[in-house]
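Report on the structure given below.
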Amino acid sequence: MSDMDMDRRNFLKTSVGAAAVAIAPGMLLYSVAQAKSEGASSKVRWGMLIDTNQCKPGCNDCVTACNRENGLSGETKSTDSQWIRKIDIKDISTGREISLPMMCQHCENPPCVDVCPTNASMKRADGIVLVDKHRCIGCRYCMMACPYKARSFVHEALTDQNPDVPRGKGTVESCTLCVHRIDVGGKPACSEACPNKAIVFGDLNDENSEIAQKVRSVASVQVRADLRLNPGVRYQGI
Amino acid sequence: MKLLVSLLLTLCVSLAWAGEAASPKLDIGKGGQCVEDTQWMRKNHMHLLKHGRDDALRLGIRDEKHSLKTCIECHASTKDDSVTARADSFCVGCHKYEAVKLDCFECHSGTRKSAWLQQRNAK
Ligand code: SF4
Ligand code: SF4
């Protein structure tokens, strides 16, 4: 990450708390210095590198952290939202078993965006794929188009959502890469929660970032790379 | 003519008074100095929210000053930390009076963030 970007992120981190000055008991004067961020930049490409060698079978910490952060119930019936799942796979010829978390891969050429009739499915300049729920009509084409089964439909009315993560009945949703955290200089909840540091998050375009250095030096693959969607999420050890 | 004008004037004034009397009593929460002029906000808050939502979501431009969360921070009731929980809550009270459907809060939380976090962390 360039120095300038770093400064901006640090600035955002420190300035998000609304600065309030008391002008009289019980009265607050909000200072005009409240931040208006510059927005997502196309110079950045957010991504994750998941090391399946570090991911322990049976561990579900990333999933639990995601559910807690985004207010998902944690149920896994077909009608429940799941933004991230643990998957166990076995190579039948060798018997080697591995376990890995799977979520929206934040494709550079996302089929979910191609098929959306309302422009609700969209990709931000920094590569994060989101659903604009103000526009989503719940047709679920994107769920069918996504080769990674990453999306869920909200079937029931919800209450008590996270103020940072609006979600509602009749719309489709998926991993947002914790965009509300990223925009204030944080990282996704799953990456933060993993006890084995198996999920590295960062800017793939910044050659000095941990993730860019790592993808340069170790072998990693994209799942279903043959589809040429160029996902921002990559895996090691599969 | 003079009589007519004064009659009209009296009518208007008394109507305006009647309006004042029937206007909703809102729980304005912490209240204080709004980020814009109050009367202007009454008329235009929906435009701010609508343009702000597209900028924030699609472009990542988050305008803290005019965000829904900032509205809620000041205007959530000091009793229940909400702008929607009761009939006289800040958003609900006025929208009921004006008979304008309020569907922001089907997806967005109407709770002050600090209170929501406290509740979640207690779980
Ligand atoms: S993984 Fe699925 S939901 Fe995510 S960007 Fe790709 S096609 Fe869209
Ligand atoms: S369900 Fe929503 S986001 Fe998905 S394709 Fe339909 S309108 Fe677009």
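Starting from 0.36 nm per residue, how many nanometres of slack lie between B:K101 and B:R42 once their C-alpha separation is accounted for? It would help to have the intermediate numbers written out before the result.
Details: separation 59, 0.36 × 59 = 21.24 nm, distance 1.55 nm.
This chain segment gains 19.7 nm when fully extended.
I want the local charge near A:A157. Using Cβ-Cβ distances under 12 Å, sum +1 for each Lys or Arg and -1 for each Asp or Glu among the other residues.
Values: positive: A:R167, A:K169; negative: A:E156, A:D160, B:D103, B:E106.
My count for the surroundings of A:A157 gives -2.
Can you bin every Cα-Cα distance in segment A:51-163 into 10 Å intervals starting at zero and give me the percent of pairs per bin, rounded to whole numbers?
In order of increasing distance, the bins hold 12, 37, 35, 13, 2 percent.
Looking only at Cβ-Cβ distances, which cysteines of chain A have no other cysteine closer than 4.7 Å?
Taking the Cβ cut-off of 4.7 Å, the unpaired cysteines of chain A are A:C55, A:C59, A:C66, A:C107, A:C116, A:C136, A:C139, A:C146, A:C178, A:C194.
In the structure shown, do any of A:K197/B:K69; A:K197/B:K50; A:K43/B:K113; B:K79/B:K101; A:K214/B:K113 have a Cα-Cα gap over 28 Å, and if so which?
Violating the 28 Å limit, Cα to Cα: A:K197/B:K69; A:K197/B:K50; A:K43/B:K113; A:K214/B:K113.
Give me the accessible area buried between chains B and A, both sides summed, with a 1.4 Å probe, in Å² rounded to the nearest 100. Could you put the intermediate results ahead of the total?
Details: alone 9740 and 13460 Å², together 20180 Å².
Heavy-atom accessible area buried at this interface is about 3000 Å².
Could you report the accessible area of A:E156 in Å², rounded to 10, computed with a 1.4 Å probe on the protein chains as they sit in the structure?
130 Å²
Tell me, what is the 1.4 Å probe accessible area of A:E97, in Å² to the nearest 10?
So the heavy atoms of A:E97 present about 130 Å² to solvent.
Take segment B:25-122, compute every pairwise Cα distance, and split them into 10 Å bins from 0; I just need the percent in each bin.
Going out from 0 Å in 10 Å bins, segment B:25-122 shows 15, 48, 32, 4 percent.
Find, to one decimal place in angstroms, the Kirkwood hydrodynamic radius of segment A:41-236, where the mean of 1/r is taken over every pair of different Cα atoms and then inverted. Could you put the intermediate results ahead of the total?
On the way: mean 1/r = 0.0581 Å⁻¹.
Every distinct Cα pair counted, the radius reaches 17.2 Å.
When all protein chains stay in place, what accessible area (Å², nearest 10, 1.4 Å probe) is found for B:W40?
110 Å²
Largest first, how would B:C104, A:C136 line up by accessible area (1.4 Å probe)?
Numbers: B:C104 55, A:C136 30 Å².
Listed by decreasing accessible area, they come as B:C104, A:C136.
Quick check: pseudo-label points 7 Å beyond the Cα along Cα→Cβ at A:H155 and B:Q118, how many nm apart are they?
In this crude spin-label approximation the distance works out to 3.6 nm.
Would you mind getting me the FRET efficiency between A:S78 and B:A87? Use the beta-carbon distance for r and R0 = 45 Å, nearest 0.05. It would help to have the intermediate numbers written out before the result.
Details: r = 38 Å, r/R0 = 0.85.
The calculated FRET efficiency here is 0.75.
The values are calculated or read from the model by the stated rules, or taken from the named source; none is laboratory data. Predicted model, so just to flag it, every value in this text is computed and none were measured. Note: ideal-geometry Cβ built from the backbone for every residue, glycine included; neighbour counts use all protein chains shown. Side chains are part of the model used for accessible areas, which takes the heavy atoms of the whole protein and leaves out ligands, DNA and RNA. Shrake-Rupley method; radii C 1.70, N 1.55, O 1.52, S 1.80 Å.
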